[in-house]
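Below is one structure, written out as structure tokens; the observations come after it.
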Amino acid sequence: MSKQKRTAIVPTREQDYAEWYQQVIRAADLAENSDVRGCMVIKPWGYAIWENIQRVLDDMFRETGHKNAYFPLFIPKSYFEKEAEHVDGFAKECAVVTHSRLEDDGDGGLMVAGALTEPLIVRPTSETIIGASFAKWVNSYRDLPLLINQWANVVRWEMRTRLFLRTAEFLWQEGHTVHETPEDAMIETKKMLEVYATFAKEYLAIPVIQGEKTEGEKFPGAVDTFSIEAMMQDKKALQAGTSHFLGQNFAKASEIKFQNRDGELEYAWTTSWGVSTRLIGALIMAHSDDNGLVVPPKIAPAHIAIIPIYRDDEERTAVLEYCAKVEELFHRQYFEDIRVYTELDDRDLTGGERNWHWIKKGIPIRMEIGPRDISADSVMVARRDFDPKMKQSIPFDELKDYIMRSLRDIQDAYYFRALDFLTDNTKNIDDKEEFYAFFTPENEKQPEIHGGFALSHWCGAEECEEIIKEDLKVTVRCIPFDSEEEDGSCIVCNKPSNRRVVFAKSY
RNA sequence: CGGGAUGUAGCGCAGCCCGGUUAGCGCGCUCGGUUCGGGACCGAGAAGUCGGAGGUUCAAAUCCUCUCAUCCCGACCA
């Protein structure tokens with residue numbers, strides 16, 4: 001294999017997408033599996049991405065009038081039982097606390113003791129426990145709307161886990177709101193979906209499709225679930241965020257009642273909405289390449305890697321001095337609302353080794369600073385969105401402007417690349433045979449990357465959805481908001497349909 | 001939870017079928033030196049209860065049973 005063709009990540013996306021994903025996470029040092037089954041350790045570079053996601057979203061929630069609060073990790077089983085559909089949806093994946101004490105088992109070990117009178121469920125989501133509080137907080141229409149958000153961890157005892165995409169414990173935010181009318185609640189539900197879509201586009205540089213979930217795919221207990229759906233580089237869909245209109249289902253379960261403007265007691269209308277550390281999985285699979293992580297500047301843990309190059313102590317002193325000058329140039333600088341961070345990498349490794357280290361971590365900008373640059377009063381700059389070998393000498397005087405502009409350009413480049421990918425792999429399909437061919441790999445044994453999003457007509461019957469799922473493992477990802485009414489016939493049963501939906505394989 | 005695969009040093013693997021000195025290799029790591037502008041080189045060194053438990057045997061990484069974990073496929077799901 002020629003040196004030019006060597007990729008930092010083995011295997012490549014084309015060779016083995018699932019394995020490539022794992023390797024990117026390891027190469028970028030984002031996270032690792034823990035000794036606890038299904039749980040991950042999020043390492044600093046990965047956690048910094050989450051912190052950036054939190055910071056930006058938290059601001060957006062504030063701007064839309066929400067306040068943060070914190071509710072218990074444990075939910076009494078009796079609370080959980082109140083909403084029937086909710087129970088159905090989550091019962092199979094609940095961790096349950098049944099004891100409160102450990103005792104010496106007389107054999108050098110410990111045994112559980114102190115059985116609880118009522119088992120506690122480790123929250124898989126918090127509708128019921130938050131509902132119990134809301135019932136106390138809401139008495140009058142004057143208390144509404146109640147707009148609360150919580151940053152928390154939740155536990156869902158998943159059978160099959162994948163780093164970031166599905167772990168037994170994950171970090172997320174869950175918004176919970178209470179409204180006077182169904183209209184208000186629905187406006188809130190859609191507003192927060194819009195917030196997610198904006199965040200995905202503006203910060204994660206991921207274009208998404210907003211839409212409504214089908215009956216079978218919606219949140220257990222919700223009246224309506226809306227989602228943002230993103231396309232990964234293997235052309236599968238990833239649900240990146242959800243927003244639920246809960247109607248009065250949870251208000252009834254938790255007795256959230258208020259006296260309305262006519263003096264009558266009425267059940268309130270609630271919503272909930274959330275995004276999780278899964279977004280990091282989305283980020284990885286939407287942008288990264290065969291050389292490692294690719295992370296948009298607006299969400300990157302750091303923006304500029306500075307790699308000093310020198311031969312001896314004398315040069316070292318001069319070079320590090322110059323590096324400090326460059327770091328100073330960006331100290332407390334912002335591009336848009338994002339603070340720029342630099343990383344000085346003075347490890348005793350070759351320039352190439354250090355360069356590749358930062359390429360794999362996806363840092364947007366790399367700078368090499370050596371004696372030649374100092375004498376020219378300039379810096380060698382490389383960009384993560386360009387070929388790894390490509391670098392350009394930028395005079396110190398122009399450096400700040402150049403970098404600020406580049407960060408903006410890189411952010412845009414990632415977004416448009418992802419948008420092109422989404423557009424190129426989204427197809428109107430009206431013919432059943434074509435639909436099946438679209439979702440069938442040529443090599444069954446080792447399926448190549450295939451498929452995409454098929455915009456096809458669907459009659460709305462669950463049976464038709466089921467057939468497609470059985471045959472192709474393809475599901476209706478959502479009924480997009482922006483699809484125009486149009487006469488057609490269901491891709492499965494040929495019955496009349498007036499709108500296209502998004503069909504895709506999904507995570 | 002069903003089907004399949006894999007667990008040997010931090011990572012990637014060989015050895016296992018056919019049991020037999022002291023369990024190897026590459027990368028990484030440590031120390032010393034030369035290097036550093038695209039994945040450096042020389043020398044020295046550290047690191048393994050062969051995933052775990054039990055069994056068969058004079059002898060187990062190797063054979064048998066159980067178990068745990070990870071990955072892939074399925075069902076389920078953010």
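Can you confirm whether A:ALA185 is away from RNA strand B (no atom under 12 Å from the Cβ), in the same structural domain as A:GLY65 (by TED's automatic domain parsing) and hydrophobic (A, V, I, L, M, F, W, C)? Walk me through it before giving the result.
Details: away from RNA strand B (no atom under 12 Å from the Cβ): yes; in the same structural domain as A:GLY65 (by TED's automatic domain parsing): yes; hydrophobic (A, V, I, L, M, F, W, C): yes.
So A:ALA185 passes the test.
Can you go through A:GLY370, A:GLY292 and tell me which one is under 30 Å from A:THR423 (Cα atoms) and outside the structural domain of A:GLU169 (by TED's automatic domain parsing)? Lay out the reasoning, then the answer.
Values: A:GLY370 fails: under 30 Å from A:THR423 (Cα atoms).
Answer to the check: A:GLY292.
Within the range A:434-447, one or more residues are in contact (Cβ under 8 Å) with a residue 60 or more places away in the chain, within 16 Å of RNA strand B (Cβ to nearest atom) and in a loop (DSSP other than H, G, I, E, B).
Kindly indicate whether A:ILE148 is part of a strand (DSSP E or B) and more than 28 Å from A:ASN260 (Cβ to Cβ). No: the conditions fail for A:ILE148.
When each of A:THR98, A:THR128 is tested for being surrounded by 20 or more Cβ atoms within 10 Å (Cβ to Cβ), at pLDDT below 95 and either within 16 Å of RNA strand B (Cβ to nearest atom) or in a strand (DSSP E or B) (or both), the lone residue that passes is A:THR128. With respect to (1) farther than 30 Å from A:GLY175 by Cβ; (2) of a type in the set (Asp, Glu); (3) modelled with pLDDT under 90, the lone exception for A:ASP88 is condition (1).
The number of residues in the range A:14-30 being in contact with a helix residue (DSSP H, G or I) (Cβ under 7 Å, 6 or more places away or on another chain) and surrounded by fewer than 21 Cβ atoms within 10 Å (Cβ to Cβ) comes to 1. Taking only the range A:461-486 into account, find how many residues are out of contact with any Lys or Arg (no Cβ under 9 Å at 6 or more places or on another chain) and over 20 Å from A:GLN239 (Cβ atoms). Residues in the range A:461-486 being out of contact with any Lys or Arg (no Cβ under 9 Å at 6 or more places or on another chain) and over 20 Å from A:GLN239 (Cβ atoms): 4 in total. Taking the criterion of being closer than 19 Å to A:ASP424 by Cα and out of contact with any Ser or Thr (no Cβ under 7 Å at 6 or more places or on another chain), the residues of the range A:448-473 that qualify are A:GLU448, A:ILE449, A:HIS450, A:GLY451, A:ALA454, A:SER456. Within the range A:259-274, the set of residues being surrounded by fewer than 24 Cβ atoms within 10 Å (Cβ to Cβ) and touching a strand residue (DSSP E or B) at 6+ places or on another chain (Cβ under 9 Å) comprises A:GLN259, A:ASN260, A:LEU265, A:GLU266, A:TYR267, A:GLY274. The single residue among A:LEU116, A:LEU120, A:LEU110 that is free of Cβ contacts under 8 Å to residues at least 24 places away in the same chain and closer than 19 Å to A:PHE74 by Cα turns out to be A:LEU116.
Can you say whether A:ALA305 is of a type in the set (A, V, I, L, M), closer than 30 Å to A:VAL326 by Cβ and crowded, with 22+ Cβ neighbours inside 10 Å, as far as the supplied structure shows?
Values: of a type in the set (A, V, I, L, M): yes; closer than 30 Å to A:VAL326 by Cβ: yes; crowded, with 22+ Cβ neighbours inside 10 Å: yes.
The answer is yes for A:ALA305.
The values are calculated or read from the model by the stated rules, or taken from the named source; none is laboratory data. Because the structure is a prediction, the values reported are computed rather than measured. Methodologically, a virtual Cβ is constructed for each residue, glycine included, from the backbone with ideal geometry; neighbour enumeration extends over all protein chains shown.
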